[in-house]
Every structure is written in structure tokens, then in C-alpha cells.
Amino acid sequence: MAVVFDRPKSLTDAKFHYCPGCHHGIIHRLVAEVLDELGLQDRTVGIAPVGCAVFAYDYFDVDCIEAAHGRAPAVATGVKRTRPDTIVFSYQGDGDLASIGMAEIVHAAARSENITVIFVNNAIYGMTGGQMAPTTLIGQKTTTSPLGRKSELTGYPIKVCELLATLPGATYLARTSVHDPKNVRQTKEAIKKAFQLQVEGKGFSLVEVLSACPTNWHMKPVQALDFIKNDMMNYFPLGQFKSPEEAK
Amino acid sequence: MSKVLMKGNEVIGEAAIKAGCRYFFGYPITPQSELPEYLSRRLPEIGGVYLQAESEVAAINMVYGAAATGVRVMTSSSSPGISLKQEGISYIAGSELPCIIVNIMRGGPGLGGIQPSQSDYFQATRGGGHGDYYLIVLAPASVQEIADLVKKGFDLAEKYRNPVMILGDGMLGQMMEPVDFGVETSGDSFDKSWATTGKNGRKKSNIVNSLYLKPEELEVHNRELEKKYLEIKSKETMAESYLTKDAEIVVAAYGMTARIAKSAVDMAREEGIRAGVFRPITLWPYPEKELNAATVSAKGVLTVEMSLGQMVEDVKLSLNGRLPVEFYGRVGGMVPTARAIFEEIKRMSEKFGGVK
Ligand SMILES: Cc1ncc(C[n+]2csc(CCOP(=O)(O)OP(=O)(O)O)c2C)c(N)n1
Ligand code: SF4
């Protein structure tokens, strides 16, 4: 029988520990498929975050470094600057990238580090049990905004792509979602473009993927898809925020 | 190679290059800025990379990433910046990566001042960040010794896969002295099979990591580190003893303070007081045996530091009650004078010593 669906080579056979309905697994798979298709597995170094994806180094079958919370872009910089022939990507959540690691991501983009960032925005701190994130929506209930996030107290969710788009160093910025098959395909295209640009030495690329955390959103997986479509996409519009053509 | 006249801070940079280091990540801070400035000129000339990071936090994480790829890499800062680096240093120690971290100390706490100090001794010798770990801490006392210890530091870092700290002060950094860099070295002879450079045909991926969620596994990792630390303690201590053989009063001091202490001891000898200087070169591991050997004739030990008294604790621990230990310190960027140390030696010799 012909095999029509198989595990990408760039993933190990370790079982994901992610919750049912979590999108981390889908996004891992897309990254691995892209690495396979571009033939990059053998020269890739992945930087794992602190967050639910902390064990990414067990899942990606590439050399990996586990970074401190938020510091992945700096670690990636250290790798890329010493080994320019490697393909370097960081995989980061919204607490990791947009809160504690805001300085590192902004400056990596400003320097146009030739790296690729996979930014998983699930509007919450998943690993630590559902606290408010810098991307938590106004009104969204979390364990540290039990009555819903209020702008008077904690301001407004950060739109990372829009923010980084002001930097001449950012080469490619896109926000996508994986809540339905069409969007999964588009996410893969964006990830592929991001890595392709790195291969061509074009500079900093980031794909922000809106992602479900059914566990801490306290939703069924299907409800969580609706939350992405109706609530998250309303505040975080999908699209390309910087293309290599408009970069610099 | 012949001797050249150079400034301490720049010698750190050139010695690193002579040891095969081609990568430097840092953030400006007084009183060590001549070092990054020097390397920002020199490294591009020889195909290396100098990168000014957005903060010390980022700089040490760039070092972490670079070290993970198996190259020789260095960062430098001064006290407030070293505090910021502690998280990254802890990760580097936990992941067992080699690198050199330079701390040209200034007075604290807080923003403190910019004048020489030795008040980061505790931080340097007790790990500094979270978790059970040690840095190998080297304390040069001359420009030539800077060159020698930077070179040796890279070898120690790779031999033990452990971060090494060069601990100096602003005086040493600013001082001009002749220096001979000796032969060039590199890290090529050390095993790098663990480095994350892409699999390149390797079967298993390499992972650089300090996370062990299962307590049983973390304990094994901690015990492995302990084994390494014990080996370093037994093999790598270094110290200098100056006129200690017959000394009744031994002054224990490191770095620039030890040089001033030597002048004080010379003054004491002229007055017939049998005094000497014990100078630890490794602050961790502390040269316990060497200190005991240097104080066989002693009646008392005077510890002198540019702090409120930090190394004095290691002196007491090493002597374990065998001798009275007293302390003299200046702080805030004030430097002890040879005269003041001499007065202390004299006072102690009257208190503990025999008649001259
Ligand atoms: C310095 C530091 N501060 C806090 C933490 C605790 N912590 C672990 S994961 C996390 C948040 C992760 O959230 P996010 O980045 O959004 O990723 P997710 O788990 O949602 O995928 C926090 C605060 C830590 N490990 N280190
Ligand atoms: S807590 Fe949320 S982000 Fe983490 S694995 Fe579960 S669903 Fe995914």
C-alpha cells in the first residue's frame, strides 16, 4: 500500500505532550514539513522557548538549544553569528516573546538577524496554568484577570507583527491561523517563505500563528476554533505585515 | 614573541584572540569599555564577530548560543552588568558550556560608583545565579598575568565544559605594562561532538539543555556537576606566596590589592617584622592547601580587600580555626594604601607575633 501520510523526517517519533485540541502540535508539524521540503534538516538549529513548547527539542529531529524564558532570539543570534551556514529558528509563545522577551525580539528584528521566528500567539500563559498574557484580549478571563482583562488596569494586547513592521530590519512578517484546513495551508506557505528567505540570506522573518489553548481558555476544542475565528482574528487580523519587497 | 606595552583591558581582548577566540558579545559599561572597543576594531580584521547587544541579558544569551556551537566566545562587563548576566550564566553552567566572562569590578551596591572595587567576590565565587554551580574564577594581578590567565581560562573552560570568570578591577584594567602573549593557541584539540551545529549526517541530534523535570534525573545531573567541581577543586587551584616561609603575619589578598600588600610587607620587613603575602590566583576553587602551606610559621593572618570582607570568609574556612584572622578593607572605590596595610601588619605583629 502506498503511504500517503507520514511523519516528517524533521520530527522525532516522540509523542507530543500537548493537550487535546492544542495547536502547538500542528505548528510543529508544519515547521518540520517545511524543513523537509527545503532539505534543511541537516543544517538546522532550533531554539526552544520556556512555555508549553519547552520540550520542542524532543520533537524536532534537529540540533536544539533550550533557551531561558524570552531569550531565544539572543541565543539564535549567537548561533547564527558564529555559524552563518546553519538555518536557525526560534519557536516562542506570547509570554516568552511579547512580554519577558520583548527586548530580544525587537532587537533581533532591528538587526535584521538572518533567523526565522515561529511565534505562537494563544493569548494566554499556557504552561503556568492560564495567567494573563500581553496578548490576552480585553474582557478575556484568565487566572490573573478573573473578571476579564480591563484596559484601565493592564492596557491593551500587543500586536507584535504591526509593532515589528515599523522596523526597517524586519524582512518578512505574517500573521496566520491554523483553525481550519485552508488556514493551515496558508500558515505552511508563510513558514516556508520565512525559511526560504533565511536560506537566501534576506534577514529577519517572523510568522505569528494564532493558536488555541482549549485547556486554559476552558473551552472544548471546537469552541476554541470559534474563539480564534470570531474574537482573536477580530483584534489580530491575519495577513502579511512586511514583505521582502517593502523591507528596508 | 617580544614584549609590547599595553593597557590591561586591551590585553584581555588580545589574549582572547591569541587563544583562538573570534566572538565577542557585550554591552558598554565603565570601567571595561576599552575591551569591547578594542575587539570591535580587532575582531573584524581577523574574520571574527564583535556584536554590541541590546543589554547584558541579551549579550550573555548570545554567548550561550555561540558557546553551544563549540566556538571560543567571550563577554565582559562590570558589576551591575554582571548582575544582569546571572540568569544566562546559570543556564551556561547548567548546560555545561565553555566560555569566558570578564568582570572588571566597580563599587556597589546598586549603581554604586565607577572606581575599583572587589565587592563582587561572593557573587563570583558562589555561582552568582540560581542553582548549585560554580564558575572557575581567575584573579590576575598584573597585565602579563591577564594574558596568561585568559589563555589558560579558555583551556579550563573547555576541559571542564564550565564557564570561567576573569575577575579584575578598574585599576588593573587601566594599567599599562609590558606583556608577552606567547604562542597562539586554539580550542581545536578539545572534543566538540556535543556542539549544536546542525546534524550534518549525525544520527542523533545534539541538544543543549538544562531542564530535567524529573527530580531523579535532575539529581543525577547535579551529582555529575558535583563530581566535576570536586575534580576542579583537587586539580586546579593556583596561588602565589611572597616571603611567607618565615612569616609571622601573612597578608591574604588577591588582584591589585595583593600588589599593594607586597609593598606593605616590604615596609614591614624593613622594620624587621616577618611578614608575607598569600595571593590566591584561583578564587574558586579556593587554594586552601596552598594557604595552609603558606601559613605554617604564621601567628596571624590579615585579609585585605576592597570590600567589607568577603574573601575573608574563605580564608577562615580554609584555616578552620587554626590561626586568628583579621580583616582590613576599603570600600566604595577607595583603595587601601601600603602604609595603612603596613600599620595593620605592625599592630597584628605586636598582638600575635614574637619580639622582632
Ligand atoms: C524567568 C522566568 N520567569 C517565569 C517563568 C515561568 N513561566 C514558564 S512558562 C511561562 C509562560 C509561558 O507562556 P507563553 O510564552 O505564552 O507560552 P505557552 O505556554 O502559552 O505556549 C512562564 C511565565 C520562567 N520559567 N522563567
Ligand atoms: S496548556 Fe494550552 S498551550 Fe499548553 S499544551 Fe495545553 S492547550 Fe496547548
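This table checks each residue for (1) outside any loop (DSSP other than H, G, I, E, B); (2) open to solvent by less than 30 Å² (accessible area, probe 1.4 Å).
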| position | (1), (2) |
| --- | --- |
| B:G332 | no, no |
| B:I341 | yes, yes |
| B:E344 | yes, no |
| B:S349 | yes, yes |
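Inside region A:173-228, counting only helices (runs of 4 or more DSSP H) that do not spill past its ends, which hold 3 or more residues that are open to solvent by less than 10 Å² (accessible area, probe 1.4 Å)?
Result: A:181-199.
Does B:I12 satisfy being surrounded by 21 or more Cβ atoms within 10 Å (Cβ to Cβ), free of Cβ contacts under 8 Å to residues at least 60 places away in the same chain and either assigned by TED's automatic domain parsing to the domain that holds B:Q115 or not aromatic (F, W, Y) (or both)?
No.
Tally the residues that are surrounded by 21 or more Cβ atoms within 10 Å (Cβ to Cβ), touching a residue at least 40 places away in the same chain (Cβ under 8 Å), of a type in the set (G, A, S) and away from ligand 1 (no atom under 15 Å from the Cβ), restricting the search to region A:12-62.
1
Based on what the data block shows, is A:D85 over 23 Å from A:I228 (Cβ atoms), of a type outside the set (A, V, I, L, M) and in contact with a Lys or Arg (Cβ under 7 Å, 6 or more places away or on another chain)?
yes
Looking at region B:252-295 only, could you name the residues that are within 13 Å of B:S318 (Cα to Cα) and open to solvent by 10 Å² or more (accessible area, probe 1.4 Å)?
Scanning region B:252-295 gives B:W284, B:Y286, B:E288, B:K289, B:E290, B:N292, B:A293.
Which ones in region A:108-129 are open to solvent by less than 10 Å² (accessible area, probe 1.4 Å), farther than 17 Å from A:A56 by Cβ and more than 10 Å from ligand 1 (Cβ to nearest atom)?
Passing the criteria: A:A108, A:A109, A:E113.
Inside region B:43-70, can you point out the residues that are surrounded by fewer than 24 Cβ atoms within 10 Å (Cβ to Cβ) and closer than 16 Å to B:I17 by Cβ?
B:L43, B:P44, B:E45, B:I46, B:G47, B:G48, B:V49, B:Y50, B:L51
Give region A:86-104 a look and list any residue that's open to solvent by 10 Å² or more (accessible area, probe 1.4 Å) and either of a type in the set (S, T, Y) or more than 8 Å from chain B (Cβ to nearest Cβ) (or both), or say none.
A:G93, A:S99, A:I100, A:M102 - these are the residues of region A:86-104 that are open to solvent by 10 Å² or more (accessible area, probe 1.4 Å) and either of a type in the set (S, T, Y) or more than 8 Å from chain B (Cβ to nearest Cβ) (or both).
Within region A:229-238, which residues are under 18 Å from the mean Cα position of the chain (by Cα) and either open to solvent by less than 30 Å² (accessible area, probe 1.4 Å) or among the polar types (S, T, N, Q) (or both)?
A:M232, A:F236
Would you check if B:I249 is open to solvent by less than 50 Å² (accessible area, probe 1.4 Å) and over 24 Å from the mean Cα position of the chain (by Cα)?
Considered against the rule, which asks whether it is open to solvent by less than 50 Å² (accessible area, probe 1.4 Å) and over 24 Å from the mean Cα position of the chain (by Cα), B:I249 comes out as yes.
The values are calculated or read from the model by the stated rules, or taken from the named source; none is laboratory data. As the structure is a computational prediction, the values presented were derived from the model and not from experiment. Neighbour counts run over all protein chains shown; Cβ positions are idealised from the backbone, glycine included. These area figures cover heavy atoms from the full protein model, side chains too; ligands, DNA and RNA do not enter into them. Shrake-Rupley method; radii C 1.70, N 1.55, O 1.52, S 1.80 Å.
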